[in-house]
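Reviewing the structure listed below.
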Amino acid sequence: MAENKTQPTDKSVEAFLENIIPPQRQADSRTVAEIMERLSQSPARMWGESIVGFGDTHYQYASGRQGDWFLVGFSPRKQNLTLYLTSGIGYFEEELKRLGKHKTSVSCLYINKLSDINLPVLEAIIQKALRQAALK
């Protein structure tokens, strides 16, 4: 069975964050990193070239595919800040109504900039994502 293409690395999270441009995306990334580290009580770790992940989980699908992944993470993409919520986005219907400007996919939350959203609601979403991931 094939491994995930994205694997944890020993690359420096600080060096990665330092090279994010523009400056507002870097500041937003540092804020999200601080929130995720505090709530997960896990240090940041690079996954692949551009994802910062927190915590660890092992998953196995009904198909038999399995692997290791992080509990929550983010990536400062060119178009937006992508937050990865391994529990899936379906758990956050009420919170998303109060979050502010965002988009979603199956397990990703896309935010242009933190000033577009309600930061305490984002923290509540991350906390809930961590609780849901712990139940799996």
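Of the listed requirements (1) loosely packed, with under 11 Cβ neighbours inside 10 Å; (2) of a type outside the set (S, T, Y); (3) free of Cβ contacts under 8 Å to residues at least 60 places away in the same chain; (4) farther than 16 Å from V13 by Cβ, G64 misses just one: (3).
Residue count for region 96-108, restricted to those that are buried (at least 16 other Cβ atoms within 10 Å of the Cβ) and either out of contact with any helix residue (DSSP H, G or I) (no Cβ under 9 Å at 6 or more places or on another chain) or among the aromatic types (F, W, Y) (or both): 0.
Evaluate the following for Y91: is it touching a residue at least 24 places away in the same chain (Cβ under 8 Å) and out of contact with any Lys or Arg (no Cβ under 9 Å at 6 or more places or on another chain)? Judged against the criteria, Y91 is not a match.
Residue-wise test of (1) on the phi > 0 side of the Ramachandran plot; (2) buried (at least 16 other Cβ atoms within 10 Å of the Cβ); (3) under 13 Å from the mean Cα position of the chain (by Cα).
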site	(1), (2), (3)
G55	yes, yes, yes
D68	no, no, no
V72	no, yes, yes
P76	no, yes, yes
E94	no, no, no
S115	no, no, no
I125	no, yes, yes
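Quick check on region 7-30. Is at least one of its residues under 19 Å from P120 (Cα atoms) and within 12 Å of the chain's Cα centre (by Cα)? Yes.
All of the numbers you see were taken from the coordinates with simple rules; none came from a lab. All values reported here derive from a predicted model rather than from experimental measurement. With ideal geometry, Cβ positions are generated from the backbone for all residues, glycine too; neighbour counts draw on all protein chains shown.
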